[in-house]
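The values are calculated or read from the model by the stated rules, or taken from the named source; none is laboratory data. The structure presented is a predicted model; accordingly, all values stated were derived computationally and were not measured. Glycine gets a Cβ as well: all are built from the backbone with ideal geometry, and neighbour counts include every protein chain shown.
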Amino acid sequence: MNPSQTVKPDTPSWRTPLMILLAGCVISLVGFGLRSTFGLFTDPLSEAHGWGRDIFSFAIAIQNLLWGATQPFVGAIADRYGTGKVLALGAVLYAIGVALMAVVETEAGLYVSGGILVGLGLSGTSFTLVIAAFARMMPAEKRSWALGLVPAAGSFGQFVFAPVGQSFIAAYGWQTALLLLTSSVMLVPIMALAVAGKPQNSHSEAETDLAVWEAVKTAARHRSYQLLIAGFFVCGFHIAFITTHLPAYLSDHGVDGEVAGWAIALIGLFNIIGSYTAGVLGGRHSKRMILSAIYASRAVAIVLFIALPTSSTSVLIFSAVMGLLWLSTVPPTSGLVALMFGTRHMATLFGIVFFSHQVGAFLGVWLGGDLYELYGNYDMVWWLSIALGFFAALVHWPIREEASADFFRSQEHMAKP
């Protein structure tokens, strides 16, 4: 099997590459855009129920962890039965979970709705599934570019949803705002028709099942894959902590709520540039070097942000810089997975890397709320974010950018009668 080979399933004539790209980007826009608004609800939801920030933070932490824990299995199901069905079911769970967040009255209810249901829904509508679909449907020479469009579209969703969400909260209250935002999820099943399908495989059903687990076991022994998993943990920690706790952090420093909404939006806007650029550069330059530069730059940006006086100007500048570095990690990370192991099991193998991302997200959100309640500020989590940024920069350095000989040897052995 050639690592650069793209498996193209049979598709209807209307499902052109442009249609696939547009539909996949809309799915990413809605899924990531809605999720990016949750931080705006930290204070109003907590105050309405008389809870500390740790309660809402733990619900979002559960959401992130469950999203990541189920992603490899959801990816395997999508690889086996098709992406469209998984996206449609995920959208239903996502919508139910967000809608219930608006009406639950207990901590347990919030953990079930905003934690479990939304977590499962995010796993089923995740941009990782869109990335896997693009990886198998797009020509190898266009793959890195296409992969860059997925997080860029998600970021545009963040740019659109964050100020809209803040406006809804101001105009209608947080409960109605959640319900209004939920309606957007119904676009996902419609768009899923364009990216529906699964990788073609010539083996029997039993051989396909065995190949999945053999692929996972072989990949897990690959040193560069292990380093990639460790590095992506840091990305999740940074993104989840900042998305969830930045609005509250700014509120503590006297920054207007409208500025907080635009701060999240600005991260999304500039990430369109960052993600797209990373996708283009990943097709021309060393992916591991791009990743090391991104993580080191994040650490430096955070140092400057917490060291300088907090103002509307400093917040917006920080948001713009972080936006450039936000999901720009996704194209080179997913591109390295495709380079190492091909695209046949892309949803599964990238799903495992993404699980590490979500473990980091769980800790970023949970520690943010827990340590805030313990110390009354976010200082420790900011400094931990800085240390992790430099750690990730070092971890990516020794990654080998080449196809795994052991992996493809194993797959060739599996294919023999």
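Checked across region 379-401, the condition of being part of a helix (DSSP H, G or I), surrounded by fewer than 23 Cβ atoms within 10 Å (Cβ to Cβ), in contact with an Asp or Glu (Cβ under 7 Å, 6 or more places away or on another chain) and in contact (Cβ under 8 Å) with a residue 12 or more places away in the chain holds for no residue. In region 90-101, which residues are crowded, with 21+ Cβ neighbours inside 10 Å and either in contact with a strand residue (DSSP E or B) (Cβ under 8 Å, 6 or more places away or on another chain) or among the aliphatic types (A, V, I, L, M) (or both)? Selection gives Ala91, Ala95, Val98, Met101. Could you please find all residues in region 310-357 being of a type outside the set (D, E, K, R) and not in a helix (DSSP H, G or I)? Within region 310-357, Thr310, Ser311, Trp326, Gly342, Thr343, His345 meet the criteria. Among the residues of region 47-70, the one identified as under 23 Å from the mean Cα position of the chain (by Cα) and acidic (Asp, Glu) is Asp54. Number of residues in region 95-139 that are in contact with a helix residue (DSSP H, G or I) (Cβ under 7 Å, 6 or more places away or on another chain) and closer than 28 Å to Gly279 by Cα equals 20. Within region 66-79, is there a residue that is at pLDDT below 90, among the acidic types (Asp, Glu) and surrounded by fewer than 20 Cβ atoms within 10 Å (Cβ to Cβ)? Checked region 66-79: no residue is at pLDDT below 90, among the acidic types (Asp, Glu) and surrounded by fewer than 20 Cβ atoms within 10 Å (Cβ to Cβ).
Yes or no: region 82-89 includes at least one residue that is more than 30 Å from Glu258 (Cβ to Cβ), among the β-branched types (Val, Ile, Thr), modelled with pLDDT under 90 and surrounded by 21 or more Cβ atoms within 10 Å (Cβ to Cβ). So far as region 82-89 goes, yes, one or more of its residues are more than 30 Å from Glu258 (Cβ to Cβ), among the β-branched types (Val, Ile, Thr), modelled with pLDDT under 90 and surrounded by 21 or more Cβ atoms within 10 Å (Cβ to Cβ). Taking residues in region 30-51 that are free of Cβ contacts under 8 Å to residues at least 40 places away in the same chain, and partners anywhere that are among the β-branched types (Val, Ile, Thr) and part of a helix (DSSP H, G or I), the pairs with Cβ atoms closer than 9 Å and at least 6 places apart or on different chains are Ser46/Ile55. Within region 279-309, restricting attention to residues that are in contact with a helix residue (DSSP H, G or I) (Cβ under 7 Å, 6 or more places away or on another chain) and in a loop (DSSP other than H, G, I, E, B), the residue that is farthest from Ala320 (Cα to Cα) is Gly283.
Farther than 14 Å from Gly369 by Cα, charged (D, E, K, R) and in contact (Cβ under 8 Å) with a residue 60 or more places away in the chain - does that describe any residue in region 70-83? Checking region 70-83: at least one residue is farther than 14 Å from Gly369 by Cα, charged (D, E, K, R) and in contact (Cβ under 8 Å) with a residue 60 or more places away in the chain. Take the conditions (1) surrounded by fewer than 20 Cβ atoms within 10 Å (Cβ to Cβ); (2) under 18 Å from Leu384 (Cα atoms); Thr243 misses just one of them, which is (1).
Being over 18 Å from Val234 (Cβ atoms) and part of a helix (DSSP H, G or I) is the filter here, so list the residues in region 358-377 that pass it. Hits for region 358-377 are Gly369, Asp370, Tyr372, Glu373, Leu374, Tyr375. Evaluate the following for Thr208: is it at pLDDT 85 or above, of a type in the set (S, T, N, Q) and more than 21 Å from Arg400 (Cα to Cα)? Spelling it out, it is not the case that Thr208 is at pLDDT 85 or above, of a type in the set (S, T, N, Q) and more than 21 Å from Arg400 (Cα to Cα).
When the test is whether a residue is surrounded by fewer than 18 Cβ atoms within 10 Å (Cβ to Cβ), of a type outside the set (D, E, K, R) and at pLDDT 90 or above, Ala59 does not pass it.
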